[in-house]
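**Student:** Just dropping this structure here.
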Amino acid sequence: MPDARSRVGGMARPRRIILIRHGESEGNADDSVYERVPDHALRLTETGRQQAQEAGVGLRATFADERVSVYVSPYRRTHQTLELLGLDPSRTRVREEPRLREQDWGNWQDREDVRKQKAYRDAYGHFFYRFAQGESGADVYDRVDAFLESLWRSFEDPAHPPNVLLVTHGLTMRLFCMRWLHWSVAEFESLSNPDNAETRMLACWAPTAATT
């Protein structure tokens, strides 16, 4: 049976790219935890674990018996989310991808300072505002862009799986969609991050990718 994936310039494009935000983390539930635990080490809450398991039901139905290439942020909460999705390991290829990590807000964070900076960011703009000793949305966009270039090169392999799953973070998801769909900064700013364990799908078989 011929492969249903489209070919552009000799490259096989996957049927779909799906992005999922991690389930609710300890930091989502209580921002004071950032004063004691590094961002990358935060775990899922029980609610977050349930969210990930529920999201896995839908993803497994979408992928059915097809192979999946997974790229996961190196943070603990994203690895936990991936594990709880319950994907078939015999059909899943997993690669840790540091460029899909959360926006860097600095190392040990003062809760009140972060709240002030978030207010400044809301006034200044999420794309351009850079956290002290951290990153701006534009900085994250640059590393997402570099990852996307690598992803496109991986499509040159005719055996590339027909599905790509990115297990990542809310802002990173929004910036990936911005890059993929060529949104303007104003369009990016008009949208909110997805909720915990929420997905976004990019259908790649059409001449122009579209969200569903």
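Throughout, read-outs are computed from the coordinates displayed, never taken from laboratory work. Bear in mind the structure is a predicted one, so any value in this text is a computation, not a measurement. FYI the Cβ positions are ideal-geometry reconstructions off the backbone, even for glycines, and counts take in every protein chain you see.
**Student:** Note the listed values (i) 19.7; (ii) 17.9; (iii) 18.6, then indicate which one is Kirkwood radius over Cα pairs in Å calculated from this particular structure.
**Tutor:** The value computed from this structure is option (ii).
**Student:** Report, in debye and to the nearest 20, how large the dipole of the chain comes out about its Cα centre when Lys and Arg carry +1 and Asp and Glu carry -1 on their Cβ. Don't jump to the answer; show the numbers that get you there.
**Tutor:** On the way: 29 positive and 32 negative charges, 126 e Å.
Roughly 600 debye, rounded to the nearest 20.
**Student:** Additional query: Hey, rough spin-label estimate for Asp145 and His182, points 7 angstrom out along Cα→Cβ, what's it come to in nanometres?
**Tutor:** 1.5 nm
**Student:** What FRET efficiency do you get for Glu189 and Gln50 if R0 is 30 Å and r is their Cβ-Cβ distance, rounded to the nearest 0.05?
**Tutor:** 0.40
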